[in-house]
Amino acid sequence: MSAPHSIRLHGPWLARLIDESGNPGEQRKVRMPTTWSDAFGPNFNGSVRLERSFGRPTGIGDESVWLVIVGLAQDSTVELNSQVHRIVDGRIEITRLMELRNQLRLDLSGGNLFDEVRLEIT
């Protein structure tokens, strides 16, 4: 079996700080990977919503597309096209879940970001 083809989703990501009531506040663009303090300041200890769009890879034929999120905290929420999904061992197959244009949303808290987000075509 050959190695998977990877498409890294570095950014830009649209980041919104979430207040105590769960309402998204100001937005800014961040490029991943980064540290929590570099992206949101050394004193911020709240929650963040990160959003990024991406297109459906072309020419995938019978291959599978996986969303891989390295270093994602277990209490994070992952949405693809407005549907919440459970990530097991940092990955989920999204071949049949994708549309032509896709919206990925991650809700993170407590200083926990992730190392990398990528699509893997196998």
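All of the numbers you see were taken from the coordinates with simple rules; none came from a lab. These numbers were taken from a predicted model, which means no experiment stands behind them. Methodologically, a virtual Cβ is constructed for each residue, glycine included, from the backbone with ideal geometry; neighbour enumeration extends over all protein chains shown.
Computed values, structure above
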| quantity | calculated |
| --- | --- |
| Karplus-derived HN-Hα couplings along region 66-72 (A = 6.51, B = -1.76, C = 1.60, θ = phi - 60°), whole Hz, x at Gly and Pro | 10, 8, 10, 10, 7, x, 6 |
| Volume in Å³ per residue [convex hull over Cα atoms, computed for the chain] | 105 |
| Per-residue HN-Hα couplings for region 6-14 [Karplus 6.51, -1.76, 1.60; θ = phi - 60°; Hz; x = Gly/Pro] | 10, 10, 7, 9, 5, x, x, 9, 8 |
| Mean separation of Cα contacts under 8 Å (6+ apart) over length of region 4-119, as relative contact order % | 34 |
| Among Glu51, Glu99, Glu26, residue whose mean-square fluctuation peaks in a GNM of the chain (springs only between Cα atoms under 10 Å) | Glu26 |
| Built amide H within the under 5 Å cut-off of Ser64, gap 5+ | Thr122 |
| Built amide H within the under 5 Å cut-off of Ile18, gap 5+ | Gly25, Ser47, Val48, Arg49 |
| Cβ-based net charge around Ile18, under 11 Å, with every Lys or Arg adding one and every Asp or Glu removing one | -2 |
| Formal net charge of residues neighbouring Arg86 (Cβ-Cβ distance under 15 Å; K, R +1; D, E -1) | -3 |
| Residue-by-residue Karplus 3J(HN,Hα) for region 17-29, coefficients 6.51, -1.76, 1.60, Hz, glycine and proline x | 6, 9, 7, 4, 8, x, 8, x, x, 4, 10, 8, 9 |
| Most mobile of Leu72, Leu106, Leu97 in a GNM of the chain (Cα contacts under 10 Å) | Leu97 |
